[in-house]
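The values are calculated or read from the model by the stated rules, or taken from the named source; none is laboratory data. Here the structure is a predicted model, which is why all the values come from computation and not from measurement. Cβ placement follows ideal geometry from the backbone for every residue including glycine, while neighbour counts extend to all protein chains displayed.
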Amino acid sequence: MKRVQKALSEILDISYSIGINIILMGEISLYLHGIDIKPSVIEAIIDEGAIYLFEEQVKKLRFKIIENMDFHNEGDCYSLSATYMIYGVKVNIYASLTFRHDNYIEKFVLKKILPMCEYKYIEKTEVPITSLELEFILSFLRGKKDYAGIIAEKLREKNINLNHMSTILGELPLEKKNEIISYFKKYGFSLGI
């Protein structure tokens with residue numbers, strides 16, 4: 001965890017030094033929500049217009065670039081993203097996550113995600129992290145059903161934010177929305193959406 005903390009401090013320093021917004025997501029967000037997981041990767045989403053500034057800073061600091069900033073494909077998910085190795089920790093930085101469902105495209109960008117974030121303190125700095133509701137949807141859409149199940153269990157403990165779920169699901173095609181609602185029913189949730 002020490003290397004992860006060191007890498008996390010570095011990416012926060014980079015983003016704040018160049019004045020860009022950053023939201024932590026994925027394993028690190030789940031860890032900060034109290035899910036029993038040891039993050040091995042740091043994922044974050046930043047302003048679309050600032051992603052190249054971020055990469056310039058990474059190059060100046062001489063961290064290893066595994067994948068240059070470009071559009072990448074992960075199943076039904078497309079992203080403008082880059083992957084770096086910072087203090088031995090893999091760091092994925094996204095400017096957008098785009099999901100394709102037949103003719104439908106849903107794009108998750110920072111300004112759409114930010115209103116649904118929670119805030120946690122990391123070394124005296126308040127940092128936005130993705131809500132569990134959004135992490136559930138992103139895990140589900142990225143085909144990470146194991147994580148989706150773990151998150152659903154945590155949401156049962158914590159109480160689900162129906163406003164967040166309604167906002168996120170309202171953006172999805174009916175078929176995906178119904179699939180997610182059915183999945184939640186397995187965990188005893190009635191979303192009423």
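Brief remarks follow.
This table checks each residue for (1) in contact with a Cys (Cβ under 6 Å, 6 or more places away or on another chain); (2) within 20 Å of residue 137 (Cβ to Cβ); (3) among the small types (Gly, Ala, Ser); (4) surrounded by 16 or more Cβ atoms within 10 Å (Cβ to Cβ).
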{"site": "38", "(1), (2), (3), (4)": "no, no, no, no"}
{"site": "43", "(1), (2), (3), (4)": "no, yes, no, yes"}
{"site": "56", "(1), (2), (3), (4)": "no, no, no, no"}
{"site": "59", "(1), (2), (3), (4)": "no, no, no, no"}
{"site": "64", "(1), (2), (3), (4)": "no, no, no, no"}
{"site": "67", "(1), (2), (3), (4)": "no, no, no, no"}
{"site": "89", "(1), (2), (3), (4)": "no, no, no, yes"}
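- Candidates in the range 71-88 are the residues that are over 20 Å from residue 40 (Cβ atoms) and in contact with a helix residue (DSSP H, G or I) (Cβ under 8 Å, 6 or more places away or on another chain); of these, the one that is modelled with the lowest pLDDT is 76.
- If you check 114, 134, 138 for being within 30 Å of residue 19 (Cα to Cα), in a helix (DSSP H, G or I), touching a Pro at 6+ places or on another chain (Cβ under 7 Å) and in contact (Cβ under 8 Å) with a residue 12 or more places away in the chain, only one passes: 114.
- Single unsatisfied condition, residue 166 versus (1) surrounded by fewer than 18 Cβ atoms within 10 Å (Cβ to Cβ); (2) under 19 Å from the mean Cα position of the chain (by Cα); (3) under 19 Å from residue 15 (Cβ atoms): (3)
Residue-wise test of (1) assigned to a strand (DSSP E or B); (2) polar (S, T, N, Q); (3) touching a residue at least 40 places away in the same chain (Cβ under 8 Å); (4) over 23 Å from residue 145 (Cα atoms).
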| position | (1), (2), (3), (4) |
| --- | --- |
| 58 | no, no, yes, yes |
| 62 | no, no, no, yes |
| 67 | yes, no, no, yes |
| 71 | yes, no, no, yes |
| 79 | yes, yes, no, no |
| 90 | yes, no, yes, no |
| 94 | yes, no, yes, no |
| 98 | yes, yes, no, no |
| 106 | yes, no, yes, no |
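- Set side by side, the residues 89, 58 differ, and just one is among the hydrophobic types (A, V, I, L, M, F, W, C) and in contact with a Lys or Arg (Cβ under 8 Å, 6 or more places away or on another chain), which is 89.
- Reported count of residues in the range 1-51, each being closer than 16 Å to residue 89 by Cα and in a strand (DSSP E or B), is 6.
- Scan of the range 141-168 for residues that are touching a residue at least 24 places away in the same chain (Cβ under 8 Å), of a type in the set (D, E, K, R) and either under 20 Å from residue 93 (Cα atoms) or in a loop (DSSP other than H, G, I, E, B) (or both), ordered by number: 142
- Among the candidates 170, 143, residue that is more than 15 Å from residue 107 (Cα to Cα), at pLDDT below 80 and not basic (Lys, Arg): 143
- Of the numbered criteria (1) closer than 20 Å to residue 25 by Cα; (2) among the β-branched types (Val, Ile, Thr); (3) in contact with a strand residue (DSSP E or B) (Cβ under 8 Å, 6 or more places away or on another chain), the one residue 151 fails is (3).
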